[in-house]
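Shown next, in C-alpha coordinates, is the structure this report addresses.
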Amino acid sequence: DCVCVGAANLKPCGSCGKRFDNWLAPDYNGIVDHKYVFAQMGYNLKPLDFQGAIGSVQLDKFDEIHLRRQQSYDTIRAIIETYVPEVSVIGNLDEAEVSWFGVPILCSTPEEKVRLQAFFERHKIQTRNYFAGNILLHPGYKHLDDYKRYPMANLALDRVFFVGAAPHYDTEIFNYFENVLKLYYGLHLVLHLAQL
(Lines give C-alpha, C1' and ligand atoms only; values in the text may rest on other atoms or scores of the structure.)
Protein backbone atom coordinates (compact mmCIF):
# COMPACT_ATOMS: atom_id res chain seq x y z
CA ASP A 1 0.00 0.00 0.00
CA CYS A 2 1.08 3.55 -0.69
CA VAL A 3 0.86 6.63 1.48
CA CYS A 4 -0.07 8.98 -1.37
CA VAL A 5 -2.94 7.04 -2.95
CA GLY A 6 -6.45 6.79 -1.62
CA ALA A 7 -9.58 8.86 -1.28
CA ALA A 8 -8.81 10.01 2.27
CA ASN A 9 -5.22 11.01 1.62
CA LEU A 10 -4.30 14.66 1.19
CA LYS A 11 -0.67 14.14 0.15
CA PRO A 12 0.24 14.88 -3.47
CA CYS A 13 0.26 11.75 -5.60
CA GLY A 14 3.85 10.64 -6.12
CA SER A 15 5.12 11.95 -2.78
CA CYS A 16 6.02 8.34 -1.92
CA GLY A 17 8.75 8.47 -4.59
CA LYS A 18 7.52 5.15 -5.98
CA ARG A 19 4.63 6.20 -8.22
CA PHE A 20 6.12 4.15 -11.08
CA ASP A 21 6.97 0.81 -9.53
CA ASN A 22 5.93 -2.84 -9.45
CA TRP A 23 2.44 -2.55 -7.97
CA LEU A 24 0.64 -5.56 -9.42
CA ALA A 25 0.62 -9.36 -9.07
CA PRO A 26 3.71 -10.91 -7.43
CA ASP A 27 4.54 -12.85 -10.61
CA TYR A 28 4.29 -9.75 -12.80
CA ASN A 29 7.51 -7.71 -12.87
CA GLY A 30 6.34 -4.73 -14.93
CA ILE A 31 6.37 -1.10 -13.88
CA VAL A 32 2.94 0.45 -13.34
CA ASP A 33 1.76 3.94 -12.40
CA HIS A 34 0.08 3.43 -9.04
CA LYS A 35 -2.43 6.18 -9.76
CA TYR A 36 -4.12 3.57 -11.94
CA VAL A 37 -3.97 0.43 -9.82
CA PHE A 38 -7.50 -0.70 -9.00
CA ALA A 39 -7.65 -2.21 -5.52
CA GLN A 40 -11.46 -2.56 -5.44
CA MET A 41 -14.08 -3.49 -7.98
CA GLY A 42 -16.32 -0.61 -8.90
CA TYR A 43 -16.50 2.42 -11.11
CA ASN A 44 -15.22 5.97 -11.04
CA LEU A 45 -18.06 7.86 -12.70
CA LYS A 46 -19.37 10.40 -10.23
CA PRO A 47 -21.56 12.80 -12.19
CA LEU A 48 -22.61 15.88 -10.27
CA ASP A 49 -24.94 18.72 -11.20
CA PHE A 50 -21.91 20.99 -11.55
CA GLN A 51 -20.26 18.62 -14.03
CA GLY A 52 -23.52 18.33 -15.93
CA ALA A 53 -23.68 22.12 -16.22
CA ILE A 54 -20.14 22.28 -17.58
CA GLY A 55 -20.93 19.47 -20.02
CA SER A 56 -24.03 21.21 -21.34
CA VAL A 57 -21.98 24.35 -22.09
CA GLN A 58 -19.25 22.28 -23.74
CA LEU A 59 -21.83 20.74 -26.07
CA ASP A 60 -22.21 24.19 -27.67
CA LYS A 61 -18.47 24.05 -28.45
CA PHE A 62 -18.41 20.38 -29.47
CA ASP A 63 -17.26 20.88 -33.07
CA GLU A 64 -14.45 23.26 -32.07
CA ILE A 65 -13.25 21.00 -29.23
CA HIS A 66 -13.35 17.96 -31.52
CA LEU A 67 -11.32 19.73 -34.23
CA ARG A 68 -8.75 21.03 -31.74
CA ARG A 69 -8.30 17.58 -30.18
CA GLN A 70 -7.68 16.12 -33.65
CA GLN A 71 -5.15 18.88 -34.37
CA SER A 72 -3.38 18.25 -31.06
CA TYR A 73 -3.20 14.54 -31.83
CA ASP A 74 -1.86 15.13 -35.37
CA THR A 75 0.80 17.59 -34.19
CA ILE A 76 2.02 15.43 -31.31
CA ARG A 77 2.00 12.32 -33.50
CA ALA A 78 4.19 14.05 -36.10
CA ILE A 79 6.66 15.17 -33.42
CA ILE A 80 6.88 11.71 -31.84
CA GLU A 81 7.34 9.94 -35.16
CA THR A 82 10.11 12.39 -36.09
CA TYR A 83 12.21 11.93 -32.95
CA VAL A 84 11.44 8.47 -31.53
CA PRO A 85 11.61 5.82 -34.25
CA GLU A 86 11.36 2.99 -31.67
CA VAL A 87 7.71 3.80 -31.02
CA SER A 88 4.58 4.05 -33.08
CA VAL A 89 1.56 6.19 -32.47
CA ILE A 90 -1.68 4.24 -32.55
CA GLY A 91 -4.18 5.62 -35.03
CA ASN A 92 -7.87 5.16 -35.56
CA LEU A 93 -9.68 2.69 -37.77
CA ASP A 94 -10.59 3.95 -41.23
CA GLU A 95 -14.28 3.72 -40.30
CA ALA A 96 -13.86 5.85 -37.17
CA GLU A 97 -13.56 9.56 -36.50
CA VAL A 98 -11.88 9.89 -33.12
CA SER A 99 -12.05 12.86 -30.78
CA TRP A 100 -8.67 12.18 -29.19
CA PHE A 101 -8.39 12.39 -25.41
CA GLY A 102 -4.73 11.43 -25.64
CA VAL A 103 -2.06 10.21 -28.03
CA PRO A 104 -1.51 6.45 -27.50
CA ILE A 105 2.14 5.47 -27.88
CA LEU A 106 3.16 1.85 -28.54
CA CYS A 107 6.77 1.22 -27.53
CA SER A 108 8.93 -1.51 -29.04
CA THR A 109 9.73 -2.99 -25.60
CA PRO A 110 8.57 -2.58 -22.00
CA GLU A 111 11.98 -1.08 -21.21
CA GLU A 112 11.50 1.60 -23.88
CA LYS A 113 8.12 2.45 -22.36
CA VAL A 114 9.67 2.89 -18.92
CA ARG A 115 12.51 5.07 -20.30
CA LEU A 116 10.31 7.32 -22.43
CA GLN A 117 7.55 7.65 -19.86
CA ALA A 118 10.07 8.54 -17.13
CA PHE A 119 11.73 11.08 -19.43
CA PHE A 120 8.40 12.78 -20.14
CA GLU A 121 7.50 12.88 -16.45
CA ARG A 122 10.92 14.34 -15.49
CA HIS A 123 10.29 17.10 -18.02
CA LYS A 124 6.79 17.91 -16.72
CA ILE A 125 4.89 16.15 -19.52
CA GLN A 126 2.31 14.03 -17.78
CA THR A 127 1.68 10.51 -19.00
CA ARG A 128 -0.96 7.90 -18.32
CA ASN A 129 -0.95 4.14 -18.63
CA TYR A 130 -3.35 2.80 -21.18
CA PHE A 131 -6.02 2.67 -18.49
CA ALA A 132 -5.86 -0.67 -16.66
CA GLY A 133 -3.93 -2.56 -19.32
CA ASN A 134 -4.90 -6.03 -18.18
CA ILE A 135 -7.46 -5.42 -15.43
CA LEU A 136 -7.00 -9.02 -14.20
CA LEU A 137 -3.60 -8.09 -12.79
CA HIS A 138 -5.15 -5.51 -10.48
CA PRO A 139 -5.89 -6.51 -6.88
CA GLY A 140 -9.62 -5.83 -7.16
CA TYR A 141 -10.10 -8.05 -10.22
CA LYS A 142 -7.44 -10.77 -10.07
CA HIS A 143 -9.93 -13.32 -8.75
CA LEU A 144 -11.94 -13.23 -12.01
CA ASP A 145 -9.50 -15.05 -14.33
CA ASP A 146 -5.84 -15.72 -15.11
CA TYR A 147 -4.26 -12.59 -16.60
CA LYS A 148 -1.86 -14.72 -18.67
CA ARG A 149 -4.73 -15.84 -20.92
CA TYR A 150 -4.98 -12.31 -22.41
CA PRO A 151 -1.70 -11.53 -24.23
CA MET A 152 -2.98 -8.44 -26.05
CA ALA A 153 -4.14 -6.88 -22.78
CA ASN A 154 -0.71 -7.65 -21.33
CA LEU A 155 0.95 -6.01 -24.34
CA ALA A 156 -1.15 -2.88 -23.76
CA LEU A 157 -0.10 -2.84 -20.11
CA ASP A 158 3.59 -3.47 -20.85
CA ARG A 159 4.16 -1.30 -23.91
CA VAL A 160 1.45 1.38 -24.29
CA PHE A 161 1.00 4.74 -22.59
CA PHE A 162 -0.39 8.05 -23.69
CA VAL A 163 0.14 11.78 -23.43
CA GLY A 164 -2.68 14.30 -23.57
CA ALA A 165 -4.22 15.76 -26.72
CA ALA A 166 -6.09 18.59 -25.06
CA PRO A 167 -8.02 21.14 -27.12
CA HIS A 168 -6.25 24.10 -25.46
CA TYR A 169 -2.73 23.12 -26.60
CA ASP A 170 -1.00 25.90 -28.51
CA THR A 171 2.27 26.53 -30.35
CA GLU A 172 4.20 27.11 -27.12
CA ILE A 173 3.15 23.72 -25.74
CA PHE A 174 3.92 21.94 -29.01
CA ASN A 175 7.35 23.63 -29.19
CA TYR A 176 8.11 22.54 -25.63
CA PHE A 177 7.02 18.98 -26.43
CA GLU A 178 9.25 18.95 -29.52
CA ASN A 179 12.25 20.33 -27.61
CA VAL A 180 11.87 17.63 -24.95
CA LEU A 181 11.79 14.93 -27.63
CA LYS A 182 14.81 16.45 -29.39
CA LEU A 183 16.67 16.15 -26.10
CA TYR A 184 15.49 12.56 -25.67
CA TYR A 185 16.54 11.71 -29.23
CA GLY A 186 19.98 13.28 -28.68
CA LEU A 187 20.58 11.37 -25.44
CA HIS A 188 19.28 8.16 -27.00
CA LEU A 189 21.61 8.59 -29.98
CA VAL A 190 24.62 9.20 -27.72
CA LEU A 191 23.84 6.05 -25.68
CA HIS A 192 23.42 4.02 -28.89
CA LEU A 193 26.75 5.24 -30.30
CA ALA A 194 28.49 4.50 -26.99
CA GLN A 195 27.33 0.88 -27.24
CA LEU A 196 28.85 0.41 -30.72
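A few points about this structure:
- In terms of its alpha-carbon gyration tensor, region 102-196 comes out oblate; a/c meets the 1.5 threshold, while b/c is at least as large as a/b.
- Cα gyration tensor shape of region 127-182, rounded if a/c is under 1.5, else prolate or oblate by comparing a/b with b/c: prolate
- Solvent-accessible area of H66, all protein chains in place: 30 Å² (probe radius 1.4 Å, heavy atoms, ligands and nucleic acids excluded).
- Region 25-160 - percent of accessible surface contributed by carbon and sulfur, probe 1.4 Å: 58
- The residues of region 41-196 present an accessible area of 64 Å² per residue when probed at 1.4 Å with all protein chains retained.
The values are calculated or read from the model by the stated rules, or taken from the named source; none is laboratory data. None of these values were measured; they are calculated from a predicted model. Calculation scope for accessible area: heavy atoms of the full protein, side chains included, ligands and nucleic acids excluded. Shrake-Rupley method; radii C 1.70, N 1.55, O 1.52, S 1.80 Å.
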